[in-house]
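> What follows is a single structure, and I will ask about it in a moment.
The values are calculated or read from the model by the stated rules, or taken from the named source; none is laboratory data. Just so you know, these numbers come straight off a predicted model, no measurement behind them. All Cβ positions, even for glycine, are placed from backbone atoms using ideal geometry, and neighbour counts span all protein chains on display. Note: areas computed on protein heavy atoms with side chains; ligands, DNA, RNA excluded. Shrake-Rupley method; radii C 1.70, N 1.55, O 1.52, S 1.80 Å.
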Amino acid sequence: MRRYPTLRWSDDAPEILDQTLLPHEVCYLRCAELDTLAEAIRMLRVRGAPAIGLAAALGLARVAVQSAAVSVPELAGELERAAGVLGETRPTAVNLFWAIQRMRALWSREWGDPQELGRAAVAEALEMMEEDRRACRAMGMHGAALLPDPCRVLTHCNAGYLATADYGTALAVVYVAHEQGKRVSVWADETRPLLQGARLTAWELQEAGIPVTLICDNMAASVMAKGEVDAVITGADRIAANGDTANKIGTLGVAVLARHFDIPFYVVAPRSTIDLATASGRDIPIEERASHEVSHVRGVQVAPAGIRVFNPAFDVTPAELVAAIITEEGVHRPPYGDSLVRRH
Ligand code: MRU
């Protein structure tokens, strides 16, 4: 099965697979400057909650190793400013803030000199990538155990390896089930406005040799009504303490449909996506993006010039619609207020 690294560390700088060019071109963007990386996150060149966090960690590691600071406090100040820039890029995926906080714990400690802190920052960011790989694999194992054989999965947006260090979250379940010999196939919602389902999920599953069928977002009800979906599996950008889940805009509609058609709706996400400090979905900040993403498709205008547009990037699925939240620790079942706090 062919997979390309979503992120890599090369010659002391992060490189990201530029996802805005997919599925046409596999091209890596070297982010030697902080502004290049911040722009890449903002423009979704690198996207998906875990990958955004890892990109920020690698970006901070880059700042730490290339700094000319002559003292540890001076370097810590530079890192704090860089963290401020990265923290402004996208508000919803909590993994970004989790990753920044984890890197901040490093520069809050004592170090002999800036070089030592720099080396430690690189090691920490690379360790976070490894942990994410292990977490995704574990989520895949836990989730695959829930799927019947054969199984037709419907997913929304991209929660595949492109959204993580490897394997993915929702799609890790599909990959592991496939490896285990289960006959698993996927309905991929195209996911307007930015088409992560059509451009990314359809591409990575096809490359991996997993049977995948692309549908427009407004076709999900129809395939469910025909009895052609056994499970809905999505990722998450932030899960509140009560289990309410923010994910790509359109997820809520899919969850409502799944409930109507009595299909289990599973959310798959690492611990770093669970935000126990946020009580419920009402408190999750929802990113609003530029109007041209809706009025235009891949640069072509499809609506009247000057039309008013509403473009929230995420919606919140209430916990009551979620059959299980699968993390690297195992399968959390309702009531999530208890099960998310109690680690397995
Ligand atoms: O705007 P994006 O492409 O970053 O949104 C990504 C999603 O909503 C994914 O479904 C979510 O991050 C889960 S990724 C493992």
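> Please list Tyr167, Tyr161 in order of solvent-accessible area, largest first, computed with a 1.4 Å probe with all protein chains present.
On the way: Tyr167 45, Tyr161 0 Å².
Most to least solvent-accessible, the answer reads Tyr167, Tyr161.
> Then there is this: Apply the a/c threshold of 1.5 to the C-alpha gyration tensor of segment 101-249 and tell me whether it is rounded, prolate or oblate. All intermediate terms of the calculation are to be shown ahead of the outcome.
On the way: a/c = 2.50, a/b = 2.11, b/c = 1.18.
Prolate, because a/c is 1.5 or more and a/b exceeds b/c.
> I want the local charge near Cys216. Using Cβ-Cβ distances under 12 Å, sum +1 for each Lys or Arg and -1 for each Asp or Glu among the other residues.
Details: positive: Arg192; negative: Asp189, Glu190, Asp217.
Charge balance near Cys216 sits at -2.
> Using a simple charge model, +1 on the beta-carbon of Lys and Arg, -1 on the beta-carbon of Asp and Glu, nothing else, what dipole does the chain show about its Cα centre, in debye to the nearest 20? Could you put the intermediate results ahead of the total?
Working: 34 positive and 43 negative charges, 148 e Å.
My answer is approximately 720 debye.
> Taking the DSSP beta bridges in segment 141-343 as the whole, what percent of them are antiparallel, to the nearest 5? Don't skip to the answer; put the middle values down first.
On the way: 13 of 32 bridges.
Restricted to segment 141-343, the bridges split so that about 40 percent are antiparallel.
> Hydropathy at least -0.5 by Kyte-Doolittle, axial extent at least 27 angstrom from the Cα trace: which helices of the chain, defined as entire DSSP H runs, fit?
114-144
> Give a residue-ordered list of calculated ³J(HN,Hα) values for segment 270-278 (Karplus: 6.51 cos²θ - 1.76 cosθ + 1.60, θ = phi - 60°; whole Hz; x for Gly, Pro).
Coupling constants for segment 270-278: x, 3, 5, 8, 8, 10, 5, 7, 9 Hz.
> Given the options Ala69, Ala138, Ala163, state which has the largest fluctuation in a GNM of the chain using a 10 Å cut-off (strictly under) for Cα springs.
So, out of Ala69, Ala138, Ala163, the one fluctuating most is Ala69.
> Could you sort Cys151, Cys216 by accessible area so the largest value comes first, with the probe set to 1.4 Å?
Solvent-accessible surface, decreasing: Cys216, Cys151.
> So what is the calculated 222 nm ellipticity per residue for the chain, using -39500 (n - 2.57) for each DSSP H run with n of 4 or more, over all residues, to the nearest 500 deg cm²/dmol?
Values: 11 runs with 129 residues, N = 344.
That calculation yields -11500 deg cm²/dmol at 222 nm.
> Running a GNM on the chain with Cα contacts under 10 Å, which residue among Gly306, Gly181, Gly87 ends up with the highest mean-square fluctuation?
Gly306
> Cα gyration tensor of segment 141-343, axes a ≥ b ≥ c as square roots of the eigenvalues: rounded (a/c below 1.5), prolate (a/b > b/c) or oblate?
Because a/c hits 1.5 or more and a/b fails to exceed b/c, segment 141-343 counts as oblate.
> Using the Cα centre of the chain as origin and beta-carbon charges of +1 (Lys, Arg) and -1 (Asp, Glu), tell me which of Ala56, Leu79, Leu21 is placed farthest towards the positive end of the dipole.
Value: Leu21.
> Let me ask something additional. How would Trp111, Trp98 rank on accessible area, largest to smallest, probe 1.4 Å? Let's see the in-between values first.
Numbers: Trp111 50, Trp98 100 Å².
In descending accessible area the options line up as Trp98, Trp111.
> Select from Thr278, Phe261, Leu146 the residue farthest towards the positive end of the dipole of segment 141-343; place +1 on Cβ of Lys and Arg, -1 on Cβ of Asp and Glu, and compute about the Cα centre.
Ranked along the dipole, the leading option is Phe261.
> Specify whether the C-alpha gyration tensor of segment 195-256 places it in the rounded, prolate or oblate class, a ≥ b ≥ c being the square roots of the eigenvalues: rounded for a/c under 1.5, otherwise prolate if a/b is larger than b/c and oblate if not.
It is oblate, given that a/c is not under 1.5 and a/b is not larger than b/c.
> Using modelled backbone amide H atoms (1.01 Å from N, in-plane), which distant-in-sequence or interchain residues come within less than 5 Å of Trp187's amide H?
Val153, Leu154, Thr155, Thr213
> Right, next: Which net charge results for the neighbourhood of Thr251, defined as the other residues with beta-carbon distances under 11 angstrom from its beta-carbon, given Lys and Arg at +1 and Asp and Glu at -1? Working shown, then result.
Values: positive: Lys248; negative: Asp189, Asp217, Asp237, Asp315.
Spelling it out: positives minus negatives among the neighbours equals -3.
> Something else: Find how many whole Å separate the alpha carbon centroid of segment 237-259 from the alpha carbon centroid of segment 71-142.
27
> I would also like to ask the following. Which of Gln66, Pro114, Met128 sits farthest toward the positive end of the charge dipole of segment 7-136, with +1 on the Cβ of Lys and Arg and -1 on the Cβ of Asp and Glu?
Projecting each Cα onto the dipole axis, the largest value belongs to Met128.
> When DSSP beta bridges are limited to those with both residues in segment 227-344, what percentage is antiparallel, rounded to the nearest 5? Provide the component values of the computation, followed by the final result.
Working: 12 of 20 bridges.
Among the beta bridges of segment 227-344, antiparallel pairing accounts for roughly 60 percent.
> Lys and Arg at +1, Asp and Glu at -1: add these up for the other residues within a Cβ distance under 9 Å of Pro193 and post the number. Provide the component values of the computation, followed by the final result.
Working: positive: Arg192, Arg289; negative: Glu293.
Result for the local shell: +1.
> Taking only C-alpha pairs under 8 Å that are 6+ residues apart, what is the relative contact order of the chain in percent? Present the calculation step by step, with values, prior to reporting the outcome.
Working: 715 pairs, mean separation 56.1, N = 344.
Rounded, it is 16 percent for the chain.
> Explain nothing, just the number: dipole magnitude of segment 141-343 about its Cα centre with +1 on each Lys and Arg Cβ and -1 on each Asp and Glu Cβ, in debye rounded to the nearest 20. The partial results should precede the final answer.
Numbers: 17 positive and 23 negative charges, 38 e Å.
Here the size comes out at about 180 debye.
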